[in-house]
Protein chains: 2
Amino acid sequence: MDRSNHAFLPERTVEEASRIFKVLADPTRIKLLYLLSQEECSVGHIAEVLQLSQSAVSHQLSTLRNLRLVRYRREGNTFLYTYDDDHVISILTQVVHHIEHE
Amino acid sequence: MDRSNHAFLPERTVEEASRIFKVLADPTRIKLLYLLSQEECSVGHIAEVLQLSQSAVSHQLSTLRNLRLVRYRREGNTFLYTYDDDHVISILTQVVHHIEHE
DNA sequence: TAACTATATGAGCATATGCTCATATACATT
DNA sequence: AATGTATATGAGCATATGCTCATATAGTTA
C-alpha cells in the first residue's frame, strides 16, 4: 500500500479531539452538562438533582471550569453555573438524540 | 427550584453516550478509526502508519471489535479491517472538522 | 513436516481518573 | 465578633486503561 496517500490528522487536532471526547466520556459529566444545557444551576442544586455529594460536584465543576466549558456568577453564597461551550453541548445533544432514536 | 421540571436523560442513554465517547477519547483510537474511515487496512499496515507495535494495534482492534465498531475479513495470513459504525465515524469527522476550522 | 508470517492474547505495569473524607474559604446573618 | 451557609480544595484510595513483553494460534511456503 502507498503510505504517501493517507490524509493524516495533525497531532494537535488529535489531541484536541481527544480532550473533548474525554470530557464527555464520564456519565456524571454527561448528566451535569446536559442539566446545565437546560438551565443555570447552583452547585447544591446539581448535587441534589444528580444525587451526588457536594464535593464530587464541585470537583467536576472545577474540571469543567479549567477546560472553559462552564462559567459561573456569584449571588451571595450561591454560585450559579452555566455552560460556556456550544460546540461541546451540540456534540452531546446530537449523540443523545441519535441514541434515543435508533 | 422545581425539580419536576427537568428533562432527565434515561440512565441507559447516559451509559450508551459515555460508551461512545470513551471509545473516541483515546488519541490512538482516533487515529486508527480515522485511518479506517479512509481505507481498509491490515494490522501490520496500521502499525507501520501509526508507528505502533503490532501488539498495541491488535489490542486496540480487539476493543473495537468487541464494540462492533470495526469488522474484518481474512486474506491468507492478513486480516483486513474496516470500520463498521457510521455514526461513530460521523461524530469523529464532525469534531475533527470543527477543530480544524475554528 | 518444518520453518515462516501475520495476528491474537494473557499478564503485568504505569498512569489517569472519579470519588470520599477532612478541611479551608468567603460571604451572610445574628 | 460569632455562627451559619455554600462552595472549593488537597490527600488518598480504588478502579480503569493503554501499553509492553512473552507467547499462542493459524495459515503459508519450502
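When the stretch A:70-102 is limited to residues that are over 15 Å from A:GLN38 (Cβ atoms), more than 10 Å from DNA strand D (Cβ to nearest atom) and away from chain B (no Cβ under 14 Å), the one that is least open to solvent (accessible area, probe 1.4 Å) turns out to be A:ARG73. Of everything in the stretch B:69-81 that is under 14 Å from the mean Cα position of the chain (by Cα) and within 13 Å of DNA strand C (Cβ to nearest atom), the residue that is farthest from A:GLU102 (Cα to Cα) is B:TYR81. Here A:LEU52 meets the list (1) among the aliphatic types (A, V, I, L, M); (2) farther than 22 Å from B:THR93 by Cβ; (3) open to solvent by less than 10 Å² (accessible area, probe 1.4 Å); (4) over 14 Å from the mean Cα position of the chain (by Cα) almost entirely, failing just condition (3). For the stretch B:14-49, a residue qualifies if it is more than 9 Å from chain A (Cβ to nearest Cβ) and farther than 22 Å from A:VAL95 by Cβ, and the qualifying residues are B:GLU40, B:VAL43, B:GLY44, B:ILE46, B:ALA47.
Here's the yes/no breakdown for (1) open to solvent by 60 Å² or more (accessible area, probe 1.4 Å); (2) within 16 Å of DNA strand C (Cβ to nearest atom); (3) in contact (Cβ under 8 Å) with a residue 40 or more places away in the chain:
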position	(1), (2), (3)
A:LYS22	yes, yes, no
A:ALA25	no, yes, no
A:LEU35	no, yes, no
A:VAL43	no, yes, no
A:LEU67	no, yes, yes
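The values are calculated or read from the model by the stated rules, or taken from the named source; none is laboratory data. Because the structure is predicted, anything quoted here is derived from the model rather than measured. All Cβ positions, glycine included, derive from the backbone under ideal geometry; neighbour counts span all protein chains shown. With ligands, DNA and RNA removed, areas are computed over all heavy atoms of the protein, side chains included. Shrake-Rupley method; radii C 1.70, N 1.55, O 1.52, S 1.80 Å.
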